[in-house]
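Here the structure comes first, spelled out in structure tokens, and everything after it is commentary.
The values are calculated or read from the model by the stated rules, or taken from the named source; none is laboratory data. Predicted, not measured: the structure shown is a model, and the values here were computed from it. For neighbour counting, all protein chains shown are included, and Cβ atoms are generated from backbone atoms with ideal geometry for every residue, glycine included.
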Amino acid sequence: MSKPNSFRSGYASIIGRPNVGKSTLLNRLVAQKVAATSNRPQTTRNNITGVVHLPNAQIILVDTPGIHSSKRTLNEMMVKASLSTFSDVDLILILIDAVEGFIAEDEFVLKSLEHAQAPKILVINKIDMVEKPNLLTLIAEAHGRSVFKEIIPVSALKDDGMEPLKELIVGYLPEGPEYFPKDMITDCTEAFLLGEIIREKVLSLTRFEVPHSVAVVLESMEEQANGVVKIDATLYTEKASQKKILIGEGGAMLKSIGRIARIEIEKRLGAKVYLKLFVKVKANWRDQKQTIKEFVYPNDSL
């Protein structure tokens with residue numbers, strides 16, 4: 001263990017099945033929105049880094065796609081992205097849903113972690129949605145498993161348990177330098193983050209298979225002479241019927257997506273934004289490895 005007054009830094013991977021609140025936890029710990037969130041499973045498609053700056057430590061969190069069993073090429077690559085973090089981190093945070101407890105998908109996650117060497121902390125999330133006796137029963141069940149070094153209940157949504165969780169994480173980090181300057185909270189590119197804002201709005205406004213079929217590619221971003229930032233982005237989907245839904249009657253859906261995305265992008269950039277969205281069809285792109293790399297993982301070696 002490090003000396004009490006030494007500076008600690010290291011990487012902690014946030015792992016779990018889809019829709020247990022991994023991205024919400026990342027955003028809450030970083031105290032700023034980095035990852036897209038929605039109530040739909042499989043919102044996160046990439047490993048997203050968020051940096052927590054503390055007086056005595058720097059926690060580098062890696063939010064990962066939900067680990068799940070699937071035969072779709074995109075989903076398989078998402079799981080591969082998650083699994084790729086295991087050997088590179090100092091600590092693994094495993095999230096489960098307090099309401100549902102350990103279900104089959106959680107067992108699949110634990111099975112995939114069998115050979116991971118990093119210490120594992122179980123984070124029981126969404127405790128604001130469960131009665132205390134049920135929570136205590138779940139904690140007792142978790143203690144019966146030998147894989148967890150620590151167990152901590154939190155509510156990322158309600159900001160409950162975040163400070164104790166930070167302290168717990170720091171205790172497992174080695175002595176080290178500040179890897180990131182204090183004004184940097186992620187190493188994700190601006191283009192990626194803006195594309196995720198747009199995709200998050202698609203997730204919140206559309207239904208059924210449409211949100212999962214959409215990829216967002218930022219085509220260009222340019223500051224005009226008048227200070228307005230002009231952004232062009234393309235929404236790719238798999239079917240003409242999905243394109244029709246995305247555009248909506250008289251272009252209403254696309255206008256709504258663009259309007260609420262523009263408001264958030266303006267807050268992020270601190271500038272007026274002119275956002276132009278296009279919709280194109282790329283048939284079955286989620287089963288085409290090369291297209292997935294182009295749309296979702298352009299900078300990765302997956």
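Which residue out of S13, S23, S38 is of a type in the set (G, A, S), at pLDDT below 80 and on the phi < 0 side of the Ramachandran plot? Lay out the reasoning, then the answer.
Values: S13 fails: at pLDDT below 80; S23 fails: at pLDDT below 80.
The unique qualifying residue is S38.
Return yes or no: is L235 outside the structural domain of E114 (by TED's automatic domain parsing), surrounded by 13 or more Cβ atoms within 10 Å (Cβ to Cβ), closer than 23 Å to L275 by Cβ and within 16 Å of the chain's Cα centre (by Cα)? No, not satisfied. Note on the stretch 267-297: residues that are in contact with a Leu (Cβ under 7 Å, 6 or more places away or on another chain) and over 18 Å from A191 (Cβ atoms) total 2.
Residues are listed down the side, and each one gets a yes or a no for (1) polar (S, T, N, Q); (2) at pLDDT 90 or above; (3) crowded, with 18+ Cβ neighbours inside 10 Å; (4) out of contact with any Asp or Glu (no Cβ under 6 Å at 6 or more places or on another chain):
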site	(1), (2), (3), (4)
K166	no, yes, no, yes
E178	no, yes, no, yes
T186	yes, no, yes, yes
A191	no, no, no, yes
I197	no, yes, yes, no
V202	no, yes, yes, yes
R207	no, no, no, yes
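Within the stretch 147-156, track down each residue that is in a loop (DSSP other than H, G, I, E, B) and surrounded by 16 or more Cβ atoms within 10 Å (Cβ to Cβ). Step through it out loud before you land on a result.
Within the stretch 147-156, the subset in a loop (DSSP other than H, G, I, E, B) is 147-149, 154, 156.
If the condition is that a residue be in a loop (DSSP other than H, G, I, E, B) and surrounded by 16 or more Cβ atoms within 10 Å (Cβ to Cβ), then F148, V154, A156 are the ones that fit.
May I ask you to verify whether I292 is at pLDDT 90 or above and either within 28 Å of A225 (Cβ to Cβ) or under 24 Å from the mean Cα position of the chain (by Cα) (or both)?
Details: at pLDDT 90 or above: no; either within 28 Å of A225 (Cβ to Cβ) or under 24 Å from the mean Cα position of the chain (by Cα) (or both): yes.
So I292 does not fit the description; no.
Of all the criteria given as (1) outside any helix (DSSP H, G or I); (2) in contact with a Leu (Cβ under 7 Å, 6 or more places away or on another chain); (3) more than 22 Å from D287 (Cβ to Cβ), the one not satisfied by A191 is (1).
The numbered conditions (1) surrounded by fewer than 13 Cβ atoms within 10 Å (Cβ to Cβ); (2) under 30 Å from Q288 (Cβ atoms) are all true for G258 except (1). Given the condition at pLDDT 90 or above and of a type in the set (D, E, K, R), answer yes or no: does some residue in the stretch 74-91 qualify? Yes, there is a match, as at least one residue in the stretch 74-91 is at pLDDT 90 or above and of a type in the set (D, E, K, R). Are any of the residues in the stretch 197-220 out of contact with any strand residue (DSSP E or B) (no Cβ under 7 Å at 6 or more places or on another chain), closer than 30 Å to D88 by Cβ, charged (D, E, K, R) and in a loop (DSSP other than H, G, I, E, B)? Taking every residue of the stretch 197-220 in turn, none turns out to be out of contact with any strand residue (DSSP E or B) (no Cβ under 7 Å at 6 or more places or on another chain), closer than 30 Å to D88 by Cβ, charged (D, E, K, R) and in a loop (DSSP other than H, G, I, E, B).
For (1) assigned to a loop (DSSP other than H, G, I, E, B); (2) outside the structural domain of G50 (by TED's automatic domain parsing); (3) among the aromatic types (F, W, Y), each residue gets a yes or a no:
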residue	(1), (2), (3)
P133	no, no, no
I139	no, no, no
R145	yes, no, no
P164	no, no, no
E167	no, no, no
Y179	yes, yes, yes
K182	yes, yes, no
